[in-house]
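What follows is a single structure, written as structure tokens, with notes after it.
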Amino acid sequence: MSTDRPVKPLKVALFGSGRIGQVHARNIADHPDLELAWIADPFIDGARTLAAETGAIAVESADEVFANGDLDAVVIGSPTSTHVDLISRAMARGVAALCEKPIDLDIERALACRDAIKGNNTPLMLGFNRRFDPHFAAIQSRVAAGEIGRLEQLTIISRDPAPAPAAYIATSGGIFRDQSIHDLDMARFFVPDIIEVSATGANLFCDYIEEAGDFDSVVITLKGRDGELVTITNSRHSAFGHDQRLEAFGSEGMLSAGNVTPTTVRKYGAAGTEESDAYLPFFLERYAAAYRNELDSFAKAIRAGIPCSPGFDDGLQALALANAAEESARSGRAVRIENSVKIGQP
């Protein structure tokens, strides 16, 4: 008869009870190796509602969270302006952290955070959940295994179903740091060493985005050190729904992932063939599995005491690429990464 004691679930605190916080809260509550112990949000009513659903304790401040000696991990789904402080506090306490992107809108603050936590081996994951999407992850794994020979071109298409509200756009950091940053990280998932960025932007359909000084449509071209070409197409709207596609083209073939629908049912008739279902409505539905897989990877890294992937440096690299893309779009010139952003070790 085994005398092994059952392993207690890791105690987790969640920062933020908004849209993304709700996703994380339910996933943590459902995970067999995690216990959602606290939900912190200065807008306490939201935290209390979510706590009542998940069995957690609602608190207003980070101080109340970090005062708990049995805290194992935090998930940071609060506004971007809070990320650097919460990462720093978690690392100082030796508490593992999963933080939503971006680290910060200001790369200098992100670099200062990097310097402050240098040498700290506490697990720290950046929330680029699309690396954990089963479709995209499968393609990346097969490309890495050499199934299509040398990767030559990567095409990423990411279009939202409708523009975000004006208030969100005003504080988002712009399309490159808000929307494109996911795809820039996806590009690095396949081509880690990007040396050049070119981008162009346009205002085609949304007046309040233009009034905010931002673009509603962009196209980005990246060049890898070995000559690989990556094209990213982003739009803040799509008449046919959330458009998420990826294509990897190599010397010996191609792998692609199309849009996802609730079912694979198609109608065949005299008028032709058509899909019956609309695409999944937005990222919460499209990437539901990715969020669950991301959290599971985080929990396993904590248990194993190993670095998380994607990590802090991946967050810095994606932010640097987003900044370079905006610089290119504003200036009309390609931006060489080595000469424009200081993301190496100090």
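Would you mind finding the one in S78, S88, S141 that is modelled with pLDDT of 95 or more and either touching a Gly at 6+ places or on another chain (Cβ under 8 Å) or part of a loop (DSSP other than H, G, I, E, B) (or both)? Checking each option against the conditions leaves just S78. Within the set L86, L14, the sole residue that is buried (at least 17 other Cβ atoms within 10 Å of the Cβ), assigned by TED's automatic domain parsing to the domain that holds R114, within 21 Å of P307 (Cβ to Cβ) and in contact (Cβ under 8 Å) with a residue 60 or more places away in the chain turns out to be L86. Does segment 310-325 contain any residue that is more than 22 Å from G174 (Cα to Cα), outside any helix (DSSP H, G or I) and at pLDDT 95 or above? Checked against the condition, which is being more than 22 Å from G174 (Cα to Cα), outside any helix (DSSP H, G or I) and at pLDDT 95 or above, segment 310-325 yields at least one hit. K223 meets each of the listed conditions (1) in contact with a Gly (Cβ under 9 Å, 6 or more places away or on another chain); (2) in contact (Cβ under 8 Å) with a residue 24 or more places away in the chain apart from (1). Of all residues in segment 187-198, those that are closer than 18 Å to E247 by Cα and free of Cβ contacts under 8 Å to residues at least 60 places away in the same chain have Cβ atoms under 6 Å from Cβ atoms of residues that are surrounded by 17 or more Cβ atoms within 10 Å (Cβ to Cβ) and small (G, A, S), 6 or more apart or on another chain, in V191/G224. Being modelled with pLDDT under 95, farther than 19 Å from G77 by Cα, part of a helix (DSSP H, G or I) and out of contact with any Gly (no Cβ under 7 Å at 6 or more places or on another chain) is true of E338.
Residues checked against (1) in contact with a helix residue (DSSP H, G or I) (Cβ under 6 Å, 6 or more places away or on another chain); (2) outside the structural domain of I20 (by TED's automatic domain parsing); (3) in contact (Cβ under 8 Å) with a residue 24 or more places away in the chain:
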residue: G258; (1), (2), (3): no, yes, no
residue: V265; (1), (2), (3): no, yes, no
residue: S276; (1), (2), (3): no, yes, no
residue: R292; (1), (2), (3): yes, yes, yes
residue: A301; (1), (2), (3): no, yes, yes
residue: E326; (1), (2), (3): yes, yes, yes
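Checking each residue in segment 247-287 for being under 21 Å from the mean Cα position of the chain (by Cα) and part of a loop (DSSP other than H, G, I, E, B) picks out G258, N259, V260, Y279, L280, P281, F282, Y287. Screening A301 on (1) aliphatic (A, V, I, L, M); (2) surrounded by 17 or more Cβ atoms within 10 Å (Cβ to Cβ); (3) assigned to a strand (DSSP E or B) shows it passes everything except condition (3).
The values are calculated or read from the model by the stated rules, or taken from the named source; none is laboratory data. Treat the numbers as computed from the prediction; the structure is a model and nothing was measured. Here the Cβ is made from the backbone with ideal geometry for all residues, glycine too, and neighbour counts use every protein chain on show.
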